[in-house]
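Each remark here refers to the structure printed beneath this line.
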Amino acid sequence: MTEREYNKDNVFYKIINKEINSNLVLEGKHFIAINDISPKAPVHVLIIPKGNYIDYADFVMNATDEEIIDFNKGIATIVEQMKLLPGGYKLLSNSGLFGQQEVPHMHVHILGKSSN
Ligand code: AMP
């Protein structure tokens, strides 16, 4: 894969480093999960690794196994915590121009509706 450079001048880097406030849903050793500022579903959470990864492929290729496991268990914890089952949910990770990625720091959108 072509070498790409992570750019720290992005909003999620600033949120992780507490330079900007966010609406925190859950924090793990290697991730934070926040409510999306412009929700596209009744539940719209962004789960974001704390490490500097550009997108999904960069994360999976370059993060440690511990980071990858912690991140994925974080998704499952949010699904449980937000009661997204049995109603259902979707996961989405945009990358690059074609993917219309706005924020160049890896994140996964969790979209669903709580069964509360
Ligand atoms: P994308 O990079 O296209 O996958 O999407 C970036 C997402 O980040 C969008 O859904 C935005 O609404 C969201 N977003 C941008 N700034 C913030 C912020 N300060 N707090 C929470 N969500 C944000």
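Brief remarks follow.
- First in region 53-76 and touching a residue at least 40 places away in the same chain (Cβ under 8 Å), second anywhere and among the charged types (D, E, K, R) and surrounded by fewer than 13 Cβ atoms within 10 Å (Cβ to Cβ), Cβ under 8 Å, 6 or more apart: Ile54/Arg4; Asp58/Arg4; Asp70/Lys29
- Residue match in region 106-115 (condition: surrounded by 18 or more Cβ atoms within 10 Å (Cβ to Cβ), farther than 24 Å from Lys14 by Cβ and in contact with a His (Cβ under 9 Å, 6 or more places away or on another chain)): yes
- Note on region 69-80: residues that are exposed (fewer than 14 other Cβ atoms within 10 Å of the Cβ) and either at pLDDT below 95 or not charged (D, E, K, R) (or both) amount to 3.
- Only one of Ile32, Ile37, Ile47 that is within 20 Å of Lys14 (Cα to Cα), surrounded by fewer than 14 Cβ atoms within 10 Å (Cβ to Cβ) and aliphatic (A, V, I, L, M): Ile37
- Of residues in region 86-102 being closer than 26 Å to Ser114 by Cα and among the aliphatic types (A, V, I, L, M), the one farthest from the ligand (Cβ to nearest atom): Leu91
- Test: residue in region 94-106 that is touching a Gly at 6+ places or on another chain (Cβ under 7 Å) and within 18 Å of Asn35 (Cα to Cα): no
- Of Ile32, Ile15, Ile54, Ile47, all but one fail to be in contact with a Pro (Cβ under 8 Å, 6 or more places away or on another chain) and within 14 Å of the ligand (Cβ to nearest atom); the exception is Ile54.
- Restricting attention to region 88-105, the residues that are exposed (fewer than 14 other Cβ atoms within 10 Å of the Cβ) and in a loop (DSSP other than H, G, I, E, B) add up to 7.
- Of the set (1) more than 15 Å from the chain's Cα centre (by Cα); (2) more than 25 Å from Lys18 (Cβ to Cβ), all apply to Glu66 but (2).
- Applying a threshold of 9 Å to beta carbon distances and a minimum spacing of six or more residues, or different chains, the list of pairs starting in region 21-38 at a residue that is farther than 18 Å from Gly51 by Cβ and ending at one that is small (Gly, Ala, Ser) and not in a strand (DSSP E or B) reads Asn35/Ser22; Ile37/Ser22.
- Test: Ile15 is on the phi < 0 side of the Ramachandran plot, surrounded by 14 or more Cβ atoms within 10 Å (Cβ to Cβ) and of a type in the set (Val, Ile, Thr): yes
- Any strands (runs of 3 or more DSSP E) falling wholly within region 1-85 and containing at least 3 residues that are out of contact with any His (no Cβ under 8 Å at 6 or more places or on another chain) and over 13 Å from Val103 (Cβ atoms): 24-27, 31-35
The values are calculated or read from the model by the stated rules, or taken from the named source; none is laboratory data. Note that the structure is a prediction, hence the values are computed from the model and not measured. Positions of Cβ are generated from backbone atoms using ideal geometry, with glycine treated the same way; all protein chains shown enter the neighbour counts.
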